[in-house]
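Visitor: My questions all concern the structure below.
The values are calculated or read from the model by the stated rules, or taken from the named source; none is laboratory data. Every value quoted in this text rests on a predicted model; they were computed, and no experiment measured them. Here the Cβ positions follow ideal geometry from the backbone for every residue, glycine too, while neighbour counts run over all protein chains shown. Just so you know, the surface numbers come from the protein's heavy atoms only, side chains and all, with ligands and any DNA or RNA stripped out. Shrake-Rupley method; radii C 1.70, N 1.55, O 1.52, S 1.80 Å.
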Amino acid sequence: MGSSFTQWVENLGLMFSEAKWSSLFQHFDLVWKGLGYTIVAALAGLVLALVLGIVFGVLSASRNRVAQAVARIYVEFFQNTPLMLQVVFLGFGLPIIWPQFNVVPVLMVGIIGVGIYHGAYISEAVRAGIQSISKGQLEASLSQGMSYVQAMRYVVIPQALTVVLPPLTNQAVNLIKNTSVLLYIGAAELMYVSKSIQATYYNPGPVYLVAMGLYFCLCFPLAFLARKLEERAEASAGSGQA
Amino acid sequence: MIELIKVNKHFGSNHVLKDIDLQVPTGQKLVIIGPSGSGKSTLIRCMNMLEKPSSGRVIIDGVELTAHKAPVAQVRQSVAMVFQQFNLYPHKTVLENLTLAPVVVQGVAKEAAEESGRAFLERVGLSDKADAYPAQLSGGQQQRVAIARALNMHPKVLLFDEPTSALDPEMIQEVLDVIIGLAAEGITMVVVTHEMGFAREAADRVIFIDEGLILEDGTPQHFFEDAQHERTKLFLSKILR
């Protein structure tokens, strides 16, 4: 027992030796660059996911059967297949079928991948948000001569937003973490950079610990915000009238 | 003028309205009475197409709403509705509730909509609540705001779908008083209600509907004193006690 513990500490010491840290710090500019790519991929991916999520969320909450079916297929397909496979298909499969797609930069391919994937989840959150607003709100708007789109824009969606914001923020957190799959198509984001540094200098301990810390710094404030929003949404739901 | 011609409505196998023929001349105050499940709410909701009739025609001032590609949204601007559950916009202040549709639908200037909105709020006795949110108001106050919201569209027809049924008893009268005040004007009004006193006082005409059929159609006096059908007499004996 005692000796295995000593061994454990010794191994840890080797893993995080000064030499291993210094080889990381010598190439820290790569890490910053990777982090930058991760942030760009996350932001652009989030914009795409929001656009797709709102469009398909409104479609699946509509009364049009065809629109519902289209949204359903989108959501079910992308929620029930692995993100990694989707991204790998976009990166390696699609360019074979459709060679013109080869000119799309690999970071963009990754953005499309995570955007479409998280758009499916956001679409479900948007649908649930819209459906949580009482039918009377839509009816009141329509009875005043608003079109369906005007009713959504001025009455239903602004109210749905308080319901949708917490799950939306959670999706943003997941999206940031999931940009790490871009590693598989060779986009030089944080995960890819980490992997290549440790492959060259045999220092996975410091490299992955730092990567983990950076992902945490990106995600934790958002997760914290999500919790606050959730508390606020619950409080306002409690004070609302019947 | 509101015209319903052979209007039928089915909900699945449930035949809710049966060949309804009804004409409401301009300026008339029509009260629709009937037991719950009789089809009276469905009937009034057909008048602004919140329910689409399964068959038959709905015509408002010569415009057939049941026609293909009818300008339903446009006609609704002049056919305002007040709902049982108020359906105020909870994320907007009282004044914003009154100005939203006039501004975005009718293209009225914001200042003009606010000015007329404040005037209607004063009329329903709530000018001090312009900046409050609906959740801060009592049920009776909310319903009066809903009436002011309807009026701020400057409608030709006002539809009331059980406007006092969701209210606590002590708040019913304040809402009825507002509606009675409106009835003194030239506007066409259709009111679905269980308030018999209101029907007596404000209606020009009362129809009684049961199981999707209009059983009585006449003056309030005819309805309360000279009802023809056994079904109506039974209903009245229960409700008038």
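Visitor: Restricting the search to segment B:101-123, which residues are charged (D, E, K, R), surrounded by fewer than 15 Cβ atoms within 10 Å (Cβ to Cβ) and away from chain A (no Cβ under 14 Å)? It would help to see each step written out before you state the result.
Guide: Narrowing segment B:101-123 to residues charged (D, E, K, R): B:110-111, B:114-115, B:118, B:122-123.
Of the ones still in play, those that are also surrounded by fewer than 15 Cβ atoms within 10 Å (Cβ to Cβ) are B:110-111, B:115, B:122.
Selection gives B:Glu111, B:Glu115, B:Glu122.
Visitor: Can you give me the ranges of the helices (runs of 4 or more DSSP H) entirely in segment A:80-146 with at least 2 residues that are not aliphatic (A, V, I, L, M)? Quick ask: steps written out before the conclusion?
Guide: Details: elements: A:83-88, A:94-97, A:106-132, A:135-143.
Hits in segment A:80-146: A:106-132, A:135-143.
Visitor: If you check B:Leu234, B:Leu167, which single one turns out to be out of contact with any Pro (no Cβ under 9 Å at 6 or more places or on another chain) and under 30 Å from B:Ala113 (Cα atoms)?
Guide: Working: B:Leu234 fails: under 30 Å from B:Ala113 (Cα atoms).
Of the residues listed, the single one that is out of contact with any Pro (no Cβ under 9 Å at 6 or more places or on another chain) and under 30 Å from B:Ala113 (Cα atoms) is B:Leu167.
Visitor: Let me ask you something else. Given the conditions (1) away from chain B (no Cβ under 14 Å); (2) of a type outside the set (S, T, N, Q); (3) open to solvent by 30 Å² or more (accessible area, probe 1.4 Å); (4) in contact (Cβ under 8 Å) with a residue 40 or more places away in the chain, report the number of the one that A:Phe216 does not fulfil.
Guide: Status for A:Phe216: all satisfied but (4).
Visitor: Another question, then. Can you find a residue that is closer than 22 Å to A:Ala235 by Cβ, surrounded by fewer than 20 Cβ atoms within 10 Å (Cβ to Cβ) and within 14 Å of chain B (Cβ to nearest Cβ) anywhere in segment A:149-156?
Guide: No.
Visitor: Counting only residues that are farther than 17 Å from B:Gln85 by Cβ and either modelled with pLDDT under 95 or among the polar types (S, T, N, Q) (or both), how many does segment A:136-153 have? Explain how you work it out, then say what you get.
Guide: Of the residues in segment A:136-153, the ones farther than 17 Å from B:Gln85 by Cβ are A:145-150, A:152-153.
Narrowing the set further to residues that are either modelled with pLDDT under 95 or among the polar types (S, T, N, Q) (or both) leaves A:147-150, A:152-153.
Residues in segment A:136-153 being farther than 17 Å from B:Gln85 by Cβ and either modelled with pLDDT under 95 or among the polar types (S, T, N, Q) (or both): 6 in total.
Visitor: Show me the helices (runs of 4 or more DSSP H) entirely contained within segment B:101-207 in which 1 or more residues are under 21 Å from B:Thr26 (Cα atoms). It would help to see each step written out before you state the result.
Guide: Details: elements: B:110-123, B:139-151, B:169-183, B:196-202.
Answer list for segment B:101-207: B:139-151, B:169-183, B:196-202.
Visitor: If I go through segment A:104-135 residue by residue, how many of them are within 14 Å of chain B (Cβ to nearest Cβ) and either open to solvent by 40 Å² or more (accessible area, probe 1.4 Å) or at pLDDT 95 or above (or both)?
Guide: Residues flagged as within 14 Å of chain B (Cβ to nearest Cβ) and either open to solvent by 40 Å² or more (accessible area, probe 1.4 Å) or at pLDDT 95 or above (or both) within segment A:104-135 amount to 3.
Visitor: While we're looking at this one, here's another question. Just checking, how many residues over segment A:70-85 are under 15 Å from the mean Cα position of the chain (by Cα) and open to solvent by 20 Å² or more (accessible area, probe 1.4 Å)?
Guide: The total comes to 4.
Visitor: Run A:Tyr201 past the list (1) at pLDDT below 95; (2) surrounded by 21 or more Cβ atoms within 10 Å (Cβ to Cβ) and report the number of the one that doesn't hold.
Guide: All conditions are met except number (2).
Visitor: Can you name the condition, by its number, that B:Lys40 falls short on among (1) under 28 Å from B:Ala183 (Cβ atoms); (2) touching a residue at least 40 places away in the same chain (Cβ under 8 Å); (3) surrounded by fewer than 21 Cβ atoms within 10 Å (Cβ to Cβ); (4) not acidic (Asp, Glu)?
Guide: Going through (1) under 28 Å from B:Ala183 (Cβ atoms); (2) touching a residue at least 40 places away in the same chain (Cβ under 8 Å); (3) surrounded by fewer than 21 Cβ atoms within 10 Å (Cβ to Cβ); (4) not acidic (Asp, Glu) one by one, B:Lys40 breaks only (3).
Visitor: Please enumerate the residues belonging to segment B:31-87 that are on the phi > 0 side of the Ramachandran plot and assigned to a strand (DSSP E or B).
Guide: Of everything in segment B:31-87, just one residue is on the phi > 0 side of the Ramachandran plot and assigned to a strand (DSSP E or B), namely B:Gly56.
Visitor: How many residues are facing chain A (nearest Cβ under 8 Å) and in a loop (DSSP other than H, G, I, E, B) if we restrict to segment B:88-100? So that I can check it myself, show each step before the final result.
Guide: Step one: filter segment B:88-100 for residues facing chain A (nearest Cβ under 8 Å), giving B:88-91, B:100.
When the remaining residues are screened for being in a loop (DSSP other than H, G, I, E, B), the result is B:88-91.
Within segment B:88-100, residues that are facing chain A (nearest Cβ under 8 Å) and in a loop (DSSP other than H, G, I, E, B) number 4.
Visitor: Next question. Just the residues that are out of contact with any Asp or Glu (no Cβ under 8 Å at 6 or more places or on another chain) and of a type in the set (Val, Ile, Thr), please, taken from segment B:27-59.
Guide: Within segment B:27-59, B:Val31, B:Ile32, B:Ile33 meet the criteria.
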